Amino acid sequence: MKPITQIAKNNVDSNADGIIDFSYKTTKTYDKKGNLLTSLFENDQDLDGVTNFQYKTTNAYDKKGNLLTNLFENDWDADGVADSLYKKSYIYDKKGNLLVDLTENDYGADSVIDSRNKTINTYDKQGNLLISLFENDWDVDGKANSWKKTTNTYNNQGYLLTSLSENDYNADGIIDSLNKKHNTYDKKGYLLTSLLENDYTMDGVIDSLEKTTKTYDKKGNLLTHVAESDWAADGIVDFRIKITNTYNGKGNLLTNLVETDWTADGVIDTWDRITNAYDKKGNLLTSLVENDWNGDEIVDYRHKTTNTYDKQGNLLTSLFETDHGADGIIEARQKTTNTYSKKGNVLTSVSEIDWKADGIIDYRSEVFYEYSHNEKLVVGTSSGISDIPFAPSNPMPGSPNHGDPLLPPKGQSFVSPSADAL
């Protein structure tokens, strides 16, 4: 069976004047299990049909689907010759536990390794990680320049009890610093407390402490998370942050409140609150984010995301509105509209940004997705917009369509195409 191919073609019009400024394309191939085989990014900066720079990722897997090698090649002038190489290699035991993680960097792509680091792991019979040794060999002389060793212990249920990390910054055999974590759990195995002790100078005296305490409801949903820092280990908490969550009967997150007390004096200095609403199927309809930056109980910033879905639960539209002063006046809007194939694969993703919320689109984009399967090609079609550029990465903080341009807007769980996807 031939690999499954996904192509995302992107045209960028940075000022929405109907003229495309540059374009780029990402081509990904997958095996029948959905594992990523290759990813090729090509950029045509001057729209002459010639790629100006490109980079490629190539992966290989064993029969169990474990990643064996990951090769990343940079070709800055797109002449077909790599300018730098980064390779990761992995070795597993029969149970699939990662034994060795090796990273080699060839900055000049001259077949000479310039730096290397390696992680070696050991496990108990239950597959719990006992020891992890990380070594840096910056000059590739076969000798570690620095290393870090982590030793773990577990209870009978396999839950991590302690984790001791020792650092030797110059690999002279003398430990320069260490930290140790102690965990406790309830009867169901949920983490209740975690205490981290830091000894920065190896004098046997704890220099700082960090403690987290968690509570859960009967279904195992996290209700509260309190993190406290004692930077001088003098028994006085110097910083505190608390997270409080609420859920509906289906376990969907309704509210998330983060309260920060920068000096741990009992006065909340800043808080952030998220309020969500869902339809009967559990799809997120609205998500309202409010921020109080000075703890005066007055909201200083607000943004809201409103989503719509088709009958299959695919995200059709996502509207992101920003109210910088929380005065009820929208300062910026971004709307993303998606189309899908009959099997639920995203075909097009149109994004329009109105930076001033004056009704004039300042940035318009569209991503076209193509999928090949058994020599069949499914091509995304235009939604009636002629000159359609692609939105920049992270066009608006908290935007519903940011990050990897190959991913559909946030909220749409697009999965790597499988053999039966199309």
Using distinct alpha-carbon pairs, which all enter the 1/r mean, Kirkwood radius of the stretch 122-240 in Å | 16.4
Mind jotting down the three principal axis lengths of the stretch 61-164 based on Cα atoms? Whole angstrom, largest first.
-> 57, 35, 19
State the three equivalent ellipsoid semi-axes of the stretch 229-268, derived from the C-alpha gyration tensor as the square roots of 5 times its eigenvalues, in descending order and whole Å.
-> 30, 10, 6
When the Cα atoms of the stretch 1-87 are enclosed in a convex hull and the volume is divided per residue, what value in Å³ results?
-> 118
When a footprinting reagent is the concern and you count Cβ atoms within 10 Å, what order do 324, 225 take, fewest first?
-> 324, 225
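Using Cα-Cα distances under 8 Å and only pairs 6 or more residues apart, what relative contact order does the stretch 190-311 have, in percent? Numbers along the way, then the final one.
Values: 270 pairs, mean separation 15.4, N = 122.
Once divided by the residue count of the stretch 190-311, the mean separation gives 13 percent.
Greater than 18 Å separation of Cα atoms is the criterion. Which listed pairs, 311/343; 2/342; 335/356, meet it?
Checking Cα-Cα distances, 2/342 exceed 18 Å.
For 44, 77, what's the fewest-to-most ordering of other Cβ within 10 Å of each Cβ? Before the final figure, lay out the partial values.
On the way: 44 19, 77 11.
The order, fewest Cβ neighbours first, is 77, 44.
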Net charge near residue 163 (other residues with Cβ under 15 Å of its Cβ; Lys, Arg +1; Asp, Glu -1) is 0
Distance in Å, no decimals, from the C-alpha centre of the stretch 72-109 to the one of the stretch 154-201 is 30
Can you sort 140, 50 by how many other beta carbons sit within 10 Å, fewest first?
-> 50, 140
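If each residue of separation counts as 0.36 nm, what is the full-extension length gain between residue 264 and residue 280 once their alpha-carbon separation is subtracted?
Numbers: separation 16, 0.36 × 16 = 5.76 nm, distance 4.08 nm.
Separation in residues times 0.36 nm, less the Cα-Cα distance, equals 1.7 nm.
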Could you pull out every one of the aspartates and glutamates with an alpha carbon less than 13 Å from that of residue 143, ignoring same-chain neighbours closer than 8 positions?
-> 135, 172
Nearby aspartates and glutamates by direct alpha-carbon distance to residue 64 (threshold 18 angstrom, same-chain neighbours under 8 apart not counted) | 31, 93, 101
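Rounded to the nearest 0.05, what FRET efficiency do residue 74 and residue 176 have when you use their Cβ-Cβ distance and R0 = 41 Å? Show your work: numbers first, answer last.
Working: r = 34 Å, r/R0 = 0.83.
The computed FRET efficiency comes out at 0.75.
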Cα-based Rg / Dmax (Å) for the stretch 257-327 = 15.5, 50
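What do the square roots of 5 times the Cα gyration tensor eigenvalues come to for the chain, in whole Å, largest first, as semi-axes of the equivalent ellipsoid?
Working: eigenvalues 317, 231, 105 Å².
Calculated on Cα positions only, the semi-axes equal 40, 34, 23 Å.
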Could you give the spread of the C-alpha atoms of the stretch 107-170 along their three principal axes, from largest to smallest, in whole angstroms?
-> 50, 23, 15
Contact order relative to length of the stretch 102-217, as percent, for alpha carbon pairs under 8 angstrom and 6 or more apart = 13
Do the alpha carbons of any pairs in 56/88; 242/280; 214/242; 56/94 sit beyond 19 Å of each other, and which pairs?
-> 242/280; 56/94
Counting only C-alpha contacts under 8 Å and six or more residues apart, can you give the relative contact order of the chain as a whole percent?
-> 11
Among the listed pairs 33/250; 33/219; 28/87, those beyond 24 Å (Cα-Cα) | 33/250; 33/219
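Only the coordinates and a few stated rules stand behind these numbers; no lab work does. Keep in mind that what you see is a predicted model, and the values were worked out from it rather than measured. Glycine gets a Cβ as well: all are built from the backbone with ideal geometry, and neighbour counts include every protein chain shown.
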